[in-house]
Amino acid sequence: MSVEQAYNNWAGQYDHDPNKTRDLDARATRETLKRYAFDTVLELGCGTGKNTRFLLEKAERVTGLDFSEEMLNQARIKITDSRVQFIKADLTQAWEVADGLVDLVTASLVLEHIENLDHIFEQTYGKLTRSGYFFISELHPFKQYSGSKARFDSPGGIQEPEAYVHHLSDYLNASEKNGFGLLELKEWFDEETENKLPRLISFVFQKQ
């Protein structure tokens, strides 16, 4: 199923369904980015605004991009702050955002739906200010190898958006190729399964 269609269908229940991946991503985002200073943010795959509220605690301006108009509608209902703008965008195409104006680009639980990581890193490099940060929080490759992917229950059965497996080397190679240095890499575990597979992986890259 296409990413846009699946997330349009998921939008109304996304914030309310039990979702360990969503909740752990929110914790990973807060715990990582609280240590960094940034004024302007481009949020890729902002969805219903699950991380936007936190970003607005630190930033003066946030622009959220997402494939799904219905997810964005949920975000607009929840967050009416004049410092945020939500825009429907196909992240696999050129982003209609001015170059060189944001201190931070975030990508949370969206890159599994994008085949070409080089495009994401290339676009991100152009949008960032000098020495700007790129934060990624995604389903861990180990979880992907075991068959995990974004999915949700609907009245018509389980729906699965289109997804791609990205290896750890894919992220590192794409970052180096497109002019980034790695500042942080961390694996995130569910509290009750800390000795099992990590659920998420996060990176902080910096524009060189």
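In units of the compact-protein estimate 2.2 N^0.38 Å, the chain shows a Cα radius of gyration of 0.95. At a probe radius of 1.4 angstrom, the accessible area of the stretch 1-68 per residue rounds to 41 square angstrom.
Each listed q (0.17, 0.19 Å⁻¹) maps to a log10 I(q)/I(0) for the stretch 1-119 from the Debye sum over equal C-alpha point scatterers, namely -0.85, -1.08.
Sort the stretch 99-208 into rounded, prolate or oblate with this rule: let a ≥ b ≥ c be the square roots of the eigenvalues of the Cα gyration tensor; rounded if a/c is under 1.5, and if a/c is not under 1.5, prolate when a/b is larger than b/c, oblate otherwise.
Cα axes put the stretch 99-208 in the prolate bin.
The sum of -39500 (n - 2.57) across all DSSP H runs of n ≥ 4, divided by the residue count of the chain, sets its helix-only mean residue ellipticity at 222 nm to -9500 deg cm²/dmol. Probing with 1.4 Å while keeping every protein chain in the model, the per residue accessible area of the stretch 72-141 equals 42 Å².
In plain terms, the chain from residue 82 to residue 185 could stretch by 33.8 nm, reckoned as 0.36 nm per residue minus the Cα-Cα distance.
Taking all protein chains as present, what is the carbon and sulfur share of the accessible area of the chain, in % to the nearest whole number, probe 1.4 Å?
Of the solvent-accessible surface of the chain, carbon and sulfur hold 46 percent.
A Förster distance of 30 Å, applied to the separation of the beta-carbon atoms of residue 35 and residue 129, puts the FRET efficiency at 0.95.
The values are calculated or read from the model by the stated rules, or taken from the named source; none is laboratory data. Here the structure is a predicted model, which is why all the values come from computation and not from measurement. Every residue, glycine as well, gets a Cβ built from its backbone with ideal geometry; the counts of neighbours run over all protein chains shown. These accessible areas exclude ligands, DNA and RNA; they are computed on the full protein's heavy atoms, side chains included. Shrake-Rupley method; radii C 1.70, N 1.55, O 1.52, S 1.80 Å.
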